[in-house]
Amino acid sequence: MSKRWYVVHAYSGMEKSVARALKERIERAGMSDRFGQILVPTEEVVEIKGGQRKTTERRFFPGYVLVEMEMDDDTWHLVKNTNKVTGFVGGAGNRPTPISDREVEKILAQMQEGVEKPRPKTLFEVGEMVRVKEGPFTDFNGNVEEVNYEKSRLRVSVTIFGRATPVELEFGQVEKV
């Protein structure tokens, strides 16, 4: 029997502990040969706080854990009866539908990309209104003119004494209005 990928629904915020619990239960039940990888889809995001660049993990499918497994009554029960698991996604009752290999590849690619090139926690768009929250232009509002994700900076057009002035700021110095 070949292993397929299934999506397991877990309590939000508990994905990592569900993954850990599943691994322990599989080990204890002696079913390691019937299970493959257990993944919590995350990507790294970069945040700049107080001038410090901080990389944190963000779950991009909150509440879900991916499990590679052979589906039969025993494996289904083991997963279903794990603490903080609410069930499988897709399919009917005790016959969940596996997700396609293409979907799995897309998720794995997104996870890998997040490790290689962490995304900024906040995404800004040109034309969006932001408020400056630190630096010489604190409390000024302005329009985003340009976004540079490589350097985590943006150019904001701030109106000073009735004139629009472009200002270079770090992501952490502004907030969305």
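List of remarks:
- In plain terms, the bigger the Kirkwood radius, the slower the diffusion; for the range 130-177, with that radius from Cα pairs, at 4 °C and 1.567 mPa s, Stokes-Einstein puts D at 124 µm²/s.
- Derived scalar couplings ³J(HN,Hα) [the range 5-11; Karplus, 6.51 cos²θ - 1.76 cosθ + 1.60; whole Hz; x for Gly, Pro]: 8, 10, 9, 10, 8, 10, 4
- Along the range 158-166 the Karplus relation, 6.51 cos²θ - 1.76 cosθ + 1.60 evaluated at θ = phi - 60°, assigns HN-Hα couplings of 10, 8, 10, 6, x, 10, 6, 10, x Hz to successive residues, with x for each Gly and Pro.
- Helix axis angle, 101-116 relative to the chain longest principal axis, alpha carbon, degrees: 40
- Counting Cα-Cα pairs of the range 92-137 in 5 Å increments starting at 0 gives whole-percent bin shares of 4, 14, 11, 13, 13, 12, 10, 9, 6, 5, 3, 1, 0.
- Accessible carbon and sulfur surface of the range 1-127 relative to its total accessible area, %, 1.4 Å: 47
- Two-decimal Rg/Rh across the chain, once Rg and the Kirkwood Rh are taken from alpha-carbon atoms: 1.17
- Computing Rg and the Kirkwood Rh from the Cα coordinates of the range 1-74 gives a ratio, Rg/Rh, of 1.12.
- Relative contact order (%) - the chain, alpha-carbon pairs under 8 angstrom, separation at least six: 23
- Charged-residue dipole, Cβ positions (Lys, Arg, Asp, Glu), the chain about Cα centre, Debye nearest 20: 380
- Nearest-10 value in Å² for the accessible area of Glu24, using the 1.4 Å probe: 100
- Per residue accessible area in Å² of the chain, where ligands, DNA and RNA are left out and the probe is 1.4 Å: 60
- Computed label-point distance, nm, for sites Asp72 and Asp139 using a 7 Å Cα→Cβ extension: 7.0
- Column: log10 I(q)/I(0), Debye, Cα scatterers of the range 90-177, q = 0.21 Å⁻¹: -0.93
- Residue-level accessible surface for Asp74, protein heavy atoms, 1.4 Å, Å²: 90
- The candidates Val126, Val7, arranged from most to least accessible area with a 1.4 Å probe in the full protein assembly, appear as Val126, Val7.
- Theoretical ellipticity at 222 nm over the chain - DSSP helices of four or more residues, -39500 (n - 2.57) apiece, nearest 500: -7000 deg cm²/dmol
- Virtual paramagnetic centre 7 Å along Cα→Cβ of Asn94, amide N under 14 Å, in the range 49-82: 71-81
- Only lysine pairs 8 or more places apart or on separate chains count here, and in the range 53-173 those with Cα atoms under 25 Å apart total 10.
- Gap separating the Cα centres of the range 8-42 and the range 143-177, nearest whole Å: 44
The values are calculated or read from the model by the stated rules, or taken from the named source; none is laboratory data. Predicted model only: the values in this text are computed from it and were never measured. Neighbour counts are summed over all protein chains in view; Cβ atoms, including those assigned to glycine, are modelled from backbone coordinates with ideal geometry. For accessibility, only protein heavy atoms count, side chains too; no ligands or nucleic acids. Shrake-Rupley method; radii C 1.70, N 1.55, O 1.52, S 1.80 Å.
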